[in-house]
Amino acid sequence: MSAAVAHSAAESMPRSNRMGSRLLIFLSILTVIGVLIGLYLGLIAAGTDIEQGEVQRLFYIHVPSFAGAFVAFSATVVGGIAYLITRKVKWDALALAGVEIGLALAAINLVTGSVWARPIWNTWWNWDPRLTSDAIMILTYAAYLMLRSGIDNVDTRRRFASVYGILAFSTVLITFLIIRIRPDTIHPVVIGPVLTDASMMATQGDFELNATPGVTSAVAFGSAVWSILVPWVLVWWRIRLENVAHRVTAMRVKVMEQ
Amino acid sequence: MKTTPFFKAVLAIVRKDLQAEMRGRELVGAMGVFALLAILIFSFALELDREARNEVISGVLWVTVIFSSILGLNRSLAMERDQGNLDALLLAPIGRGAVYVGKLIGNYIFTLAISAILLPVMSALYGVSLFNPYVLLTLLLGVLGFTTVGTLLATMTVQTRAREALLPIVMMPVALPIILSAVRASTGALSGASVDDWIGWVQILGALDAIFVVMCFFLFPFVVEE
């Protein structure tokens, strides 16, 4: 029975073909170049912020990394829905990869935000609504991984993980929207209309796209690279890793049967 | 095979839960004692003076309601599973949605019963009247929101290895938007500020309830396969 399951798992996980490998390596190199150009635009080309000084340059990583996490967590929702409909293992691999990559990018987002807040807000952390909801979001996806590891049956694990991955996305949406619905937040709004009092912004650290030349292009280019190339290339690598792990399991079962 | 009409099936499941509770008093007993202990512990731990009480009472109320509800959800679904009743329900000619709504209404009633005990006790102990129409409305909406999420997630977690330990971990973050807006709405209602200042939270709460009810209703069939 287990051999049959393992065998079918091995069947549904084809060896990565050479075309795919070449494309992935090409995309990976492109991603590295893109990230380096983004860093150049942000760290050197863009003008220094008059109020905040050099630390403002963290925005060029902070904002793009959240965009990347958003894309990765969205991939988890897509993978979850597709798995529940088709029951193809590859969709669950996509969902799992989305969670892990999203967590990594969310961690970058959190750390850069914290480093920025130290000089600007004079504290590493405060219980601002957005910071709180971001921490909750990270804990939700950590809970996703705990839920997965708590279930032995692989089919049940994939099913439950898909359901939870869909529900968990509500915390991502809340994190994205909360600075727009909570007037008492001091977190700057980068994309979309600003509802907060303008006089408050000047004292608590604002983000203006037209403050100095090069800001808009650095944010736009960085966000494009971090939301298109970075998450998808990492997710692809992670799926390949998952496929290899599946093949190893299948082989191990085969060896033990003999 | 002909399936039982939806509402008839839901009613039957609710009646079964209520009857089992009337005879055994397993859930409300444990939840009630826990809730009373929790508010006592809070009053020692926070050493509240008169003014601080007004500020934190809705937070204390919600944390107590949520933790006792988690206790009840775990028991409610664990009982179904341990005694093989969940399998029987799934074999019965009724829709999976009806099973979900039935269990949800049962859990909702039990948690509301705990809230009904808590309100007078907390009003007396903390000297702040909680019998405000908006606080009651917030309770009805907020408890609905997290029992909706909780019933779905508890059905999942009772089938895992960690069982009881896992429910709070997976449920709290997902239910947080509901808890946040419920606390804000009831704090606003008790603060005596004008309705316009906090009514938005009640609206957000209603919208979240609608979203979660629909999502969980459609996701439930996937967690009870086999």
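The values are calculated or read from the model by the stated rules, or taken from the named source; none is laboratory data. Source: prediction; values computed, not measured. Reconstructed Cβ throughout: ideal geometry from the backbone, glycine too, with neighbour counts over all protein chains shown. Ligands, DNA and RNA are excluded from the accessible area calculation, which covers all protein heavy atoms including side chains. Shrake-Rupley method; radii C 1.70, N 1.55, O 1.52, S 1.80 Å.
Before moving on, here are some points about what is shown:
- Set of lysines near B:K16 by C-alpha distance (under 26 Å), chain-local residues within fewer than 8 positions excluded: B:K2, B:K8, B:K103
- Here is how the number arises for chain B: DSSP H runs of 4 or more residues each give -39500 (n - 2.57), the sum is divided by the residue count, and the result at 222 nm is -29500 deg cm²/dmol.
- Burial of 10 Å² or greater, the range B:165-188 residues [accessible area, probe 1.4 Å, versus chain by itself]: B:L166, B:I169, B:V170, B:P173, B:V174, B:L176, B:P177, B:L180, B:R184
- 17 Å reach of a label modelled at B:A165, 7 Å along Cα-to-Cβ, counting backbone N of the range A:136-175: A:142-152
- Span from the the range B:146-164 Cα centroid across to the the range B:3-62 one, whole angstrom: 17 Å
- Each semi-axis of the equivalent ellipsoid for the range B:102-226 is √(5λ) with λ an eigenvalue of the Cα gyration tensor; in descending order they amount to 29, 17, 12 Å.
- Number of partner chain Cβ atoms within 10 Å, mean per residue of B:144-150: 0
- Sites B:E26 and B:L91, calculated FRET efficiency, Cβ-Cβ separation with R0 35 Å, nearest 0.05: 0.90
- Surface accessible to a 1.4 Å probe, per residue, for the residues of the range B:65-134, Å²: 37 Å²
- Using a Förster distance of 51 Å, the FRET efficiency for B:S123-A:T48 (Cβ separation, nearest 0.05): 0.30
- Area buried, chain B against chain A - accessible surface, total, 1.4 angstrom probe, square angstrom: 2300 Å²
- Here r is the Cβ-Cβ distance between A:S74 and A:R18 and R0 is 41 Å; the resulting FRET efficiency, rounded to 0.05, is 0.90.
- Aspartates and glutamates with Cα under 17 Å of A:K254, excluding same-chain neighbours fewer than 8 positions away: A:E11
- Label-to-label distance for B:Q83 and A:T216 is 6.8 nm, based on points extended 7 Å past Cα in the beta-carbon direction.
- Peptide B:151-162 has a mean shielding of 4, counted as Cβ atoms of other protein chains within 10 Å of each residue's Cβ.
- Accessible surface of the protein assembly as shown [probe 1.4 Å, protein heavy atoms]: carbon and sulfur percent: 69 percent
- Approximate spin-label separation B:F131-B:F217, in nm, with each point projected 7 Å along Cα-to-Cβ: 3.4 nm
- Sorting the segments B:122-133, B:73-84 by their residues' average number of neighbouring beta-carbon atoms within 10 angstrom, most packed first, yields B:73-84, B:122-133.
- More than 20 angstrom apart: percent of Cα pairs within the range A:33-132: 51 percent
- Inter-label distance for B:A116 and B:D197, nm, one decimal - labels placed 7 Å from Cα along Cα-to-Cβ: 3.2 nm
- Accessible area in square angstrom per residue, the range B:4-45, 1.4 angstrom probe: 66 Å²
- Coordinate range of the alpha-carbon atoms in the protein assembly as shown per principal axis, descending: 72, 71, 38 Å.
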